[in-house]
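Asks: Here it is: the structure, laid out below.
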Amino acid sequence: MKMIRRKLGLSELEVSPLALGCWQFAGGDYWGERTESSQVELVSAALDLGINFFDTAPAYGDGESERVLGVALKGRRDKAIVATKVSSVIHSADDIVKSCEESLRLLQMDFVDLLQIHWPARELPREEIAAAIGGLQKSGKVRAFGVCNYGPKDLADLLGTGLPIVSNQLPYSLLSRAIEYEILPLCRKHGISVFPYSPLLQGLLTGRWRKPDEVPIPRARTRHFRGNRPQSRHGEEGCESETFAALDAIRPIAESKAISMSDLAIAWVAAQEGVSSVIFGAGDRTQLEANIKALDVKFDESTLKALDEATAAVKAHLGANPDLWMGESRYR
Ligand SMILES: NC(=O)c1ccc[n+]([C@@H]2O[C@H](COP(=O)([O-])OP(=O)(O)OC[C@H]3O[C@@H](n4cnc5c(N)ncnc54)[C@H](OP(=O)(O)O)[C@@H]3O)[C@@H](O)[C@H]2O)c1
């Protein structure tokens, strides 16, 4: 199946507007047990449906997600744009190189298309980051460089090294719009593609849970939920009533367009200026096929206005902190 391609930032990478997130391949408490064969089948189906962009990380199941993606892309590597990240524990430039080499080993690949810093590495001098990434690009192990979870100050700081940054992976959905305040306009200004994650807020925007207590524990850790829920780390009061009121307002908007809430939610993120590709997760092939229909959704001004109004109270409550999980923002 054909799917259009878009340039990722100022790079040469031509990516599908939807990217398959591979955190789910790690299974475990968060995503539930998954077999390797079902994930291999999912990647194969994604390629057949026109998706060429895959996002993984060493942190996802301690390398398990990278390993499974490597198995899944055997024989079809040339059809894929593979994005991974640098391990969350980096203390030196050498750690960046070692992390990338371990990713290549697990992925069984000679190079990755996009290497991203997973969370800002502030303890490391920016020149060391630039030197390590420059070296990896020179050796052909990395085609392009991106960051994740970089706020305005961190981004400006790293841009100061002259290192080309093609993308910034950030949380963005109808229920997590904090990046609209500052970082999204800044990325647009610098030609850096915003590469949004959690467009469905880990399933909430599919409408499958009608009340806060129905949401599985690990997914009720975000700042939308009460801070005294199990596993929560943000310590805030949350905005459960605003969040579920927003879902109740979004549902009829989707119905009026005869589309699913998931498609509406993914399409809304994909339609934002500065976004080249949206990373979504899928539990199985049925969800994958359903989510791809988001590409057919077109918006008119009145729908965009209705969605803005439906989600304004959540946006106002959560404020300019894009951190989904921590009240004391990890963004600078
Ligand atoms: N850089 C970062 O810090 C960061 C952080 C988070 C995520 N990410 C990346 O972004 C990717 C996607 O984000 P995400 O997984 O957090 O969130 P998401 O795409 O918002 O949600 C994915 C989950 O929603 C459910 N779902 C998806 N489509 C559905 C449908 N049509 N009907 C019903 N349920 C559906 C599935 O849950 P079930 O599996 O339970 O069915 C799926 O696993 C990750 O895989 C990862 O690659 C990056």
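Asks: Within the range 135-160, can you find the residues that are farther than 11 Å from residue 114 by Cα, surrounded by 17 or more Cβ atoms within 10 Å (Cβ to Cβ) and not aliphatic (A, V, I, L, M)?
Replies: Passing the criteria: 148, 149, 150, 151, 154.
Asks: Any idea which residue in the range 264-283 is surrounded by the fewest Cβ atoms within 10 Å (Cβ to Cβ), counting only those that are more than 8 Å from the ligand (Cβ to nearest atom) and in a loop (DSSP other than H, G, I, E, B)?
Replies: Here the residue is 273.
Asks: Could you tell me which of the residues 173, 193 is over 30 Å from residue 91 (Cα atoms) and either in contact (Cβ under 8 Å) with a residue 60 or more places away in the chain or of a type in the set (A, V, I, L, M) (or both)?
Replies: 173
Asks: Kindly establish whether residue 304 is surrounded by fewer than 21 Cβ atoms within 10 Å (Cβ to Cβ), more than 15 Å from the ligand (Cβ to nearest atom) and at negative phi.
Replies: Working: surrounded by fewer than 21 Cβ atoms within 10 Å (Cβ to Cβ): yes; more than 15 Å from the ligand (Cβ to nearest atom): yes; at negative phi: yes.
So residue 304 fits the description; yes.
Asks: Okay, next question. Would you pick out the residues in the range 224-242 that are more than 14 Å from the ligand (Cβ to nearest atom) and within 15 Å of residue 198 (Cβ to Cβ)?
Replies: Result: 225, single match.
Asks: Just wondering, is there one or more residues in the range 212-231 that are under 17 Å from residue 9 (Cα atoms) and at pLDDT 95 or above?
Replies: no
Asks: Can you tell me which condition residue 312 does not meet? The list is (1) touching a residue at least 24 places away in the same chain (Cβ under 8 Å); (2) more than 9 Å from the ligand (Cβ to nearest atom); (3) of a type outside the set (D, E, K, R); (4) part of a helix (DSSP H, G or I), and all the others hold.
Replies: The single condition residue 312 does not satisfy is (1).
Asks: Check residue 302 against each of (1) in contact with a Lys or Arg (Cβ under 7 Å, 6 or more places away or on another chain); (2) part of a helix (DSSP H, G or I); (3) more than 21 Å from residue 52 (Cα to Cα) and name the one condition it does not meet.
Replies: (1)
Asks: Could you list, in sequence order, the residues of the range 214-247 that are assigned to a helix (DSSP H, G or I), touching a residue at least 40 places away in the same chain (Cβ under 8 Å) and hydroxyl-bearing (Ser, Thr, Tyr)?
Replies: 243
Asks: Look at residue 250 and say whether it is surrounded by 15 or more Cβ atoms within 10 Å (Cβ to Cβ) and either in a loop (DSSP other than H, G, I, E, B) or more than 9 Å from the ligand (Cβ to nearest atom) (or both).
Replies: Values: surrounded by 15 or more Cβ atoms within 10 Å (Cβ to Cβ): yes; either in a loop (DSSP other than H, G, I, E, B) or more than 9 Å from the ligand (Cβ to nearest atom) (or both): yes.
So residue 250 fits the description; yes.
Asks: Among the numbered criteria (1) more than 17 Å from residue 108 (Cβ to Cβ); (2) of a type in the set (D, E, K, R); (3) more than 12 Å from the ligand (Cβ to nearest atom), which one does residue 67 miss?
Replies: Failing condition for residue 67: (1).
Asks: Hey, another quick one. Read through the list (1) more than 29 Å from residue 10 (Cα to Cα); (2) part of a helix (DSSP H, G or I); (3) away from the ligand (no atom under 11 Å from the Cβ), then give the number of the only condition that residue 258 fails.
Replies: (2)
Asks: For the range 45-75, name all the residues that are among the β-branched types (Val, Ile, Thr) and surrounded by 20 or more Cβ atoms within 10 Å (Cβ to Cβ).
Replies: 51, 56, 68
Asks: Do any helices (runs of 4 or more DSSP H) entirely within the range 8-104 hold 1 or more residues that are in contact (Cβ under 8 Å) with a residue 12 or more places away in the chain, within 22 Å of residue 167 (Cβ to Cβ) and of a type in the set (Gly, Ala, Ser), and if so, which?
Replies: Because the criterion is at least 1 residues that are in contact (Cβ under 8 Å) with a residue 12 or more places away in the chain, within 22 Å of residue 167 (Cβ to Cβ) and of a type in the set (Gly, Ala, Ser), the helices (runs of 4 or more DSSP H) in the range 8-104 that meet it are 36-48, 64-72.
The values are calculated or read from the model by the stated rules, or taken from the named source; none is laboratory data. Just so we're clear, the structure is a prediction, and the values are computed from it rather than from any experiment. Glycine gets a Cβ as well: all are built from the backbone with ideal geometry, and neighbour counts include every protein chain shown.
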